[in-house]
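The values are calculated or read from the model by the stated rules, or taken from the named source; none is laboratory data. Bear in mind the structure is a predicted one, so any value in this text is a computation, not a measurement. For neighbour counting, all protein chains shown are included, and Cβ atoms are generated from backbone atoms with ideal geometry for every residue, glycine included. Only protein heavy atoms, including side chains, enter the accessible area calculation; ligands, DNA and RNA are left aside. Shrake-Rupley method; radii C 1.70, N 1.55, O 1.52, S 1.80 Å.
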Amino acid sequence: MKVNIRCSESMRRYGIAVIVPFALAFFAACDFLDLKSSYQVASENVWSKATLARQAVTGIYSEFYTRYSTTENENSWKIGYEAYSSVMDTDKNWYHNMAVCYGDATPSSATFANMFKYWYTFIFRANDVIAHIGAVPDMSAEEKSKLSSEAKFFRAFGYFNLNVLYRGVPLYLEYIEDAGSATKPRSSEKAVWEAVIADLSSCVEDENLPGRYMAGSEDYGHVCKAAALAYRGQAYQFIAEIDTERRKEWLEKALADFEAIEKYGYALFKAAGKDSFAKLLKPANEQCDEMIFSIRMTSVAGMGNPRAVLYGNRCTGVTNGAWNNYLPNPAFVESFENADGSAFDWEDYLPGWNSMTPEQRSVFFLRNEMTVPEIAKMQEYGADMSKYLKYANEERVKKAYDERDPRLKMAVITPYSTYNGAIAGTAATFTLRWPYRGDGKEWRDIRTDTNSMFYYLWRKYVPEGLESTIRWAYEQDVILCRYAEILLRRAECLNELGRTGEAVDIVNMVRERTGHIKLNTNIYTTVADQDDMRRRIRSEFYWELGGEDSMYFNELRWGTWMDRKFRDHSSGVEAEMNTNGLMQVWGTKTYTWYALGDYVHTWAIPAKEREMNPALTQNSGWND
C-alpha cells in the first residue's frame, strides 16, 4: 500500500520521503476500529529495508501534525487541551465544540470518538514498529534498539493521554494485523499507568537512545531519554493520586526522574535578560536549552504552529490577519500577583469595584477623551460614567497591569498595552483600547474578530511584526515539555514529601528568571507551611505555563478542574457553580459553561467504540 504524504521542510527534518509505504498509513483515511476489511494491510515489505523501516517510525512522528497543525477547514476536535482548563475560553463560534464544558455532551459526541481514535493511531503504529523492527536485515542492532525505544515512547505517550481523559482503556501491547481482533475490555487506570511507566522505563534504560539532542542536530525533535524521564515522572505523579498507599514511593520516583534530567544540561532560557520569558516562545529560541520535547514546525501551510492564528488577532501579520479563537479568562489574568508578591485586588486600584455590576465597571476600561456618541452608548450599556476620567482613564487602569508579576504582560495583551503587529504587509504598533475606533494610522487600535466585545488577548505563540506572513505556517515549534515545567514539578514533589524549604528554592529559580520577587522575601511572599506552598506552586504553574496546553491535565490531577472551570473566580468573589465562562475584561459574560455533573471529570467511552467492542464498559455517569 502506498500513501502520498506531503514532503515539507518539517518532514525532511525527520527524513520522510515523498512516498511512504508502511503498514498503518491507512489510519489517516479510515475510522479506528471500524470495518474489519480496513485493516487487512500487509506490512512485510516495510521491514525488508532499513530505509522503509525508518520511514515507518517517522510515520508515528507525522501523526503529531494531525492534531497540532490545524488548518482553517479542519475539525474542531483539535481544540487545544488548554481551552478545557480554567486558563482560557473559546470564542462564541467555537464554544459548542467543547463537549465536556458546554453541557450537552453524550457518548456520541464527536470529540470523544476523534480523540480516542487519534491516540490509538499512535499506539497501533508504535506496536507495528516494536513487533517488526528486529527483522530488518540491513539495520544495526543499535539502531533497531533506538527506533524501538522511540516507538515505545509514543505508545506510552498515547496511553498517557488516553488514561488522563478516559481513566482506563484497553491495553494493546502487541501488533494487531486485523482490527477485528481488537476487542479487549478496558484495563484499570492503574494498570494503564503501569504500562506507560514500563514503556518509558525501557526508553530510559536503552543505552542506544541519546540522552538529549543538541540545537542544530538533524535529529532534534526526536525522542530522547530526557523526554522519557519527563513523562515517566508525570506518570508517577498521576499514579500517586490513585494509589494512595504507595503515594510517597511514587512521588519519590517522580522526583528522581525530574532531578535526573538535570545531568543532560537543560537550563532556563535567560539570554534575553528581563525579556527572556517573552522571547522564549519565538522561533529564534525554539532549540534553546530549556526545550525538552517539541513538535517541529515549519513555514509551510498546514505544517506550522496553528496558535499563531488561533491565539492571534486581526493585526497579527499573517495574510488577512489572525483570529482570536482562544481568549484568556479574566480570573486567570487577575490571579497574577502584584509586583511585591501580594494578592491582586481591583479595589486597590479602582475603589468601588466590588460593589459595582460588571456593566458599571466597564467605565474603568474606557479610552481617554471619549466622544459624545461613545459616552452615550456606554451610558446606555450601564457604565457608571460618574467615575470616568476624561484625560486619565487609560493611565488609571493600565497601572493595575503594570505593577504585577512581569509574566502577565509577557503572556497576555492587557488593556492599553501595545502589540507589535502588522497591517497590509507593514509592521506597526497597535494598542488594545475600548471602544474600538479602527486599526488605521489614525488610531492603531487592535482589531479582532470580536470588536463588539472587549476581551483579553494572547501574546504567547503570537507572531510579532512580519515574523510570520503565511497563515497556518508559523515556524515556532509547539513545545510539549520545557525545563521550567520540570522545575515546578520538582518543587511540587519536594513539597508533597515534606521538603518545603527545598521546594521554595526551586520555585525561586523560575520566579527570578522574569525578575519577579522571590518567595520568603517579605510578608507577602513568606511561605507559612506545606499547604500554603502547595497553593503557591500551583499558582506558579498557571503563571509560567498558562496557554501552553499543560493546565487541563494538571487541574484534573489536582482535582480542582470542576471548581475552577465552572465557578467564576474573577474579582475574588465566591460564586455558584456554572457561573464561569467567556467574559469581557470587566466581567460581563458572553456565555456560561455548564457542568452536567462530577462525572465529566472523565470523558465518555465513545458510543461507536462500544458498539464495535461490547467488552468496553462505560464510565460512570455517562449514558449511551
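Summary table
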| read-out | value |
| --- | --- |
| Packing-based order for 587-594, 57-64, 133-140, using average beta carbon neighbours within 10 Å, highest first | 57-64, 587-594, 133-140 |
| Whole-number percent relative contact order across the chain, with pairs defined as alpha carbons under 8 Å at least 6 apart | 19 percent |
| Net +/- balance of residues flanking T414 in space, Cβ distance below 15 Å, scoring K and R +1, D and E -1 | +2 |
| Viscosity 0.692 mPa s, temperature 37 °C, Stokes-Einstein D of the stretch 312-378 from Kirkwood C-alpha radius, µm²/s | 216 µm²/s |
| Per residue convex hull volume, Cα atoms of the stretch 525-592, in Å³ | 121 Å³ |
| Protection proxy ranking of 106-114, 544-552, 223-231 - average other beta-carbon atoms within 10 Å, highest first | 223-231, 544-552, 106-114 |
| Peptides 353-366, 172-185, 402-415 ordered by average Cβ neighbours within 10 Å, highest first | 402-415, 353-366, 172-185 |
| Between helix 372-381 and the chain: long-axis angle, C-alpha atoms, 0 to 90°, nearest 10 | 60 degrees |
| Relative frequency of Cα-Cα separations exceeding 15 Å in the stretch 106-165, percent | 55 percent |
| Calculated from backbone phi, Karplus (6.51, -1.76, 1.60) coupling profile of the stretch 578-585 in Hz, x at Gly/Pro | 6, 10, 9, x, 5, 9, 6, 4 |
| If the convex hull is drawn through the Cα atoms of the stretch 446-556, its volume per residue in Å³ | 161 Å³ |
| Full-stretch length increase - E241, T371 - with 0.36 nm per residue and alpha-carbon distance subtracted | 41.1 nm |
| Value in Å of the Kirkwood radius, where the stretch 130-239 supplies the Cα pairs that are averaged | 14.9 Å |
| Selection from Y419, Y326, L165 lying farthest towards where the dipole of the chain points positive, charges on Cβ | Y419 |
| Local electrostatic count at K377 - Lys and Arg +1, Asp and Glu -1, tallied over other residues with Cβ under 14 Å | -1 |
| Förster radius 25 Å - calculated FRET efficiency between T66 and T426, Cβ distance, rounded to 0.05 | 0.10 |
| Accessible carbon and sulfur surface of the stretch 364-457 relative to its total accessible area, %, 1.4 Å | 52 percent |
| Full-extension gain in nm, Y599 to L173, via 0.36 nm per residue minus C-alpha separation | 150.5 nm |
| Cβ-derived FRET efficiency at R0 35 Å, A215 paired with Y391, nearest 0.05 | 0.10 |
| Relative intensity, log₁₀ I(q)/I(0), of the stretch 419-501 from a Debye sum that treats every alpha carbon as a point, q = 0.13, 0.14, 0.18, 0.22 Å⁻¹ | -0.62, -0.67, -0.84, -1.07 |
| Residue among G587, M453, S148 farthest towards the positive dipole end of the chain, charges placed on Cβ | M453 |
| Charged-residue dipole, Cβ positions (Lys, Arg, Asp, Glu), the stretch 219-272 about Cα centre, Debye nearest 20 | 140 debye |
| Percent antiparallel among DSSP beta bridges (both partners in the chain, rounded to 5) | 95 percent |
| Volume per residue of the C-alpha convex hull in the chain, rounded to whole Å³ | 146 Å³ |
| Fully extended contour minus Cα-Cα distance, from E574 to A343, at 0.36 nm per residue | 81.6 nm |
| Cα long-axis angle, helix 530-545 against the chain (0 to 90 degrees, to the nearest 10) | 90 degrees |
| Debye-sum result for the stretch 488-624 in log10 I(q)/I(0), which assumes one identical scatterer on each alpha carbon, at q = 0.09, 0.10, 0.22 Å⁻¹ | -0.41, -0.50, -1.28 |
| On Cα atoms only, tilt of 500-513 relative to the major axis of the chain in degrees | 70 degrees |
| Accessible area in square angstrom per residue, the stretch 472-624, 1.4 angstrom probe | 35 Å² |
| Assigned charges on the beta-carbon of Lys, Arg, Asp, Glu; the stretch 423-545 dipole about Cα centre (debye) | 280 debye |
| Nearest-20 debye value, the chain charge dipole, Cβ charges on Lys, Arg, Asp, Glu | 1000 debye |
| Rule-of-thumb Rg ratio for the stretch 216-273 [Cα; 2.2 N^0.38 Å; N residues] | 1.41 |
